[in-house]
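Written below as structure tokens is the structure these notes are about.
The values are calculated or read from the model by the stated rules, or taken from the named source; none is laboratory data. Worth saying up front: this structure is predicted, and the values here are computed from it rather than measured. Cβ: placed from backbone, ideal geometry, glycine included. Neighbour counts: every protein chain shown. Keep in mind that these areas ignore ligands, DNA and RNA; they rest on the heavy atoms of the full protein, side chains included. Shrake-Rupley method; radii C 1.70, N 1.55, O 1.52, S 1.80 Å.
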Amino acid sequence: MLSHEDNKLVCLIEGDAPMGKIMRSHWLPACLTEEVPENDGKPIRVRLLGENLVAFRDTEGRVGVIDEQCPHRKASLALGRNEECGLRCLYHGWKVAVDGKIVDMPSEPAESGFTHKVKQKAYKTREAAGFVWVYMGDQENVPEFQPPVFQPEETTKIAIAKTIIDCNWAQVLEGAIDSAHSSTLHSTDMVPAKVERAGASDSLWYRPSTDKSPRLQVEATPFGFRYAAIRRPIKDAATHDYVRTSLFIAPYTVLIPPNSRYSVAVLHVPVDDTHTAFHFIGFGKADSTPDTETWRKFLGLQIGIDVDASFKRFNTYANDYGQDRTLMKTGVSFTGIRGIPNQDIAMWETMGAIADRSEDKLGASDLAIVEFRRQMVKAVKSVAVGGVAIGTSPRVTQCKLQSFEGIVPKNSEWRNIGRAPEELPLDQLKQQSQ
């Protein structure tokens, strides 16, 4: 459990909160590339770390992420005209470029030079792996952008499902590192099978184990931690273990074990203190990774069917997440809720907008949760007194990190299985290559 004070330190990210400072030390996904598809197209609202922003693609194809409010009189630039390499406010015609420069003030005398005295808040951006990324820290000291963990190769196929969750980012992330719940909550979608390793169809995930009580082990790393969930396999249980290793990549990414078709990563990006932008990502080879629409259908997160154009869900707390108790009674569905993420979301949101961790009764299956809380409390207290943000020093090559799943001989050292050498700090890697 956490004290109320430590819980706030981990959860709160708005304003000058220390956890917000950690988030601002990393490149963050602001929106999907598909949300700003065309030059001079419709701007979109983006809320991130408690700030109201607007994203737009200008005439030359550059994407800007700037403060939503016009610097003149605070009218919304999300309603503005996107034209001639700038976003023009409807109120008085002030036009803002992607870098925040005011390039036109038709309401002011040209000779006043006022355009050079005013600048809009604008953040550095980068497009990669299906996202528009933004760096919200010191704009004079922006770290080099690195490909994310779900883009190990330039040609990697990536399918992204997105939704906005009505609760704090930390309790959402804790769900992604909670291996024990999958055998119960997701038992309709993740089914035991006599397979050599985890598999997947367009409608189900298969696992070679019926064991609902995994043994957990954790290893701290430069980027966060790895942990193993060790289960009894269906086949050769006397001589083998079924091992699944997951990675927490601070501060908001989880790489969960792959299956025979593709790998999976989850991003938990704080919108504000009580809302989270959730991205569930399948990635891998072009011939085995599902296309985006198939992926979203499998997860129950299709635009126009499950979520609206702003990725807000139609099934919420107000309608019990679309739960069908007839399917529960007939044995068709354990939860009566369609889609793996939607089952999770129902659990996370019903904990409250910010879960009270002081009341938790944690057990052996919560080892990864305990490690996450331990690391993040330590990290946020360090930043609060001027320390370096977790995950920034040393940096690792995220796109080379690997998770693992498979049946291995008993007593195998899981820490040495499926481990990429790139888990070492970058400076150590450079020394090895010299």
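Summary of computed values
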{"read-out": "Within the range 247-275, tally of residues that are out of contact with any Lys or Arg (no Cβ under 7 Å at 6 or more places or on another chain) and either aliphatic (A, V, I, L, M) or closer than 17 Å to residue 170 by Cβ (or both)", "value": "19"}
{"read-out": "Strands (runs of 3 or more DSSP E) wholly inside the range 179-293 that include at least 2 residues being under 29 Å from residue 376 (Cβ atoms) and in contact with a helix residue (DSSP H, G or I) (Cβ under 8 Å, 6 or more places away or on another chain)", "value": "215-221, 224-231, 240-249, 253-256, 263-272, 275-284"}
{"read-out": "Residue 304 being free of Cβ contacts under 8 Å to residues at least 60 places away in the same chain, within 26 Å of residue 55 (Cβ to Cβ) and open to solvent by 20 Å² or more (accessible area, probe 1.4 Å)", "value": "yes"}
{"read-out": "Odd one out for residue 90 among (1) in contact with a helix residue (DSSP H, G or I) (Cβ under 9 Å, 6 or more places away or on another chain); (2) within 30 Å of residue 289 (Cβ to Cβ)", "value": "(2)"}
{"read-out": "Hits in the range 97-108 - residues which are open to solvent by 70 Å² or more (accessible area, probe 1.4 Å) and not hydrophobic (A, V, I, L, M, F, W, C)", "value": "101, 106"}
{"read-out": "Among (1) open to solvent by 10 Å² or more (accessible area, probe 1.4 Å); (2) within 25 Å of residue 367 (Cβ to Cβ); (3) not small (Gly, Ala, Ser), the one test that residue 42 misses", "value": "(2)"}
{"read-out": "Pick from the range 160-183, criterion of a type outside the set (Ser, Thr, Tyr) and touching a Lys or Arg at 6+ places or on another chain (Cβ under 6 Å), ranking: most open to solvent (accessible area, probe 1.4 Å)", "value": "164"}
{"read-out": "Selected residue (criterion: nearest to residue 310 (Cα to Cα)) from residues of the range 247-268 that are touching a Pro at 6+ places or on another chain (Cβ under 8 Å) and buried (at least 24 other Cβ atoms within 10 Å of the Cβ)", "value": "267"}
{"read-out": "Close pairs (8 angstrom Cβ cut-off, 6 or more residues apart or separate chains): open to solvent by less than 20 Å² (accessible area, probe 1.4 Å) and modelled with pLDDT of 95 or more in the range 212-229, aromatic (Phe, Trp, Tyr) and not in a strand (DSSP E or B) anywhere", "value": "225/372; 228/414"}
{"read-out": "All positions within the range 111-134 that are open to solvent by 40 Å² or more (accessible area, probe 1.4 Å) and among the small types (Gly, Ala, Ser)", "value": "112"}
{"read-out": "Only one of 137, 61 that is within 24 Å of residue 16 (Cβ to Cβ), in a loop (DSSP other than H, G, I, E, B), open to solvent by less than 50 Å² (accessible area, probe 1.4 Å) and small (Gly, Ala, Ser)", "value": "137"}
{"read-out": "Residue in the range 14-29 that is open to solvent by less than 10 Å² (accessible area, probe 1.4 Å), of a type in the set (Val, Ile, Thr) and in contact with a Lys or Arg (Cβ under 9 Å, 6 or more places away or on another chain) present", "value": "no"}
{"read-out": "Any hit, the range 95-118, residues being free of Cβ contacts under 8 Å to residues at least 12 places away in the same chain, of a type in the set (A, V, I, L, M) and either within 22 Å of residue 310 (Cβ to Cβ) or not in a strand (DSSP E or B) (or both)", "value": "yes"}
{"read-out": "Check on residue 61, in contact (Cβ under 8 Å) with a residue 40 or more places away in the chain and out of contact with any helix residue (DSSP H, G or I) (no Cβ under 7 Å at 6 or more places or on another chain)", "value": "no"}
{"read-out": "Every residue from the range 269-280 that is in contact with a strand residue (DSSP E or B) (Cβ under 9 Å, 6 or more places away or on another chain) and either under 22 Å from residue 22 (Cβ atoms) or open to solvent by 20 Å² or more (accessible area, probe 1.4 Å) (or both)", "value": "269, 270, 271, 272, 275, 276, 277, 278, 279"}
{"read-out": "Tabulated pairs, the range 5-17, first more than 17 Å from residue 52 (Cα to Cα), second modelled with pLDDT under 95 and buried (at least 17 other Cβ atoms within 10 Å of the Cβ), C-beta under 8 angstrom, 6+ apart or interchain", "value": "10/2"}
{"read-out": "Flag for residue 74 being within 25 Å of residue 33 (Cα to Cα) and either without any contact (Cβ under 8 Å) to a residue 24 or more places away in the chain or in contact with a helix residue (DSSP H, G or I) (Cβ under 6 Å, 6 or more places away or on another chain) (or both)", "value": "no"}
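Results for (1) in contact with a helix residue (DSSP H, G or I) (Cβ under 7 Å, 6 or more places away or on another chain); (2) surrounded by fewer than 15 Cβ atoms within 10 Å (Cβ to Cβ), shown as yes or no for each residue.
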| residue | (1), (2) |
| --- | --- |
| 342 | yes, no |
| 348 | yes, no |
| 355 | yes, no |
| 359 | no, yes |
| 363 | no, yes |
| 378 | no, yes |
| 388 | no, yes |
| 391 | no, no |
| 394 | yes, yes |
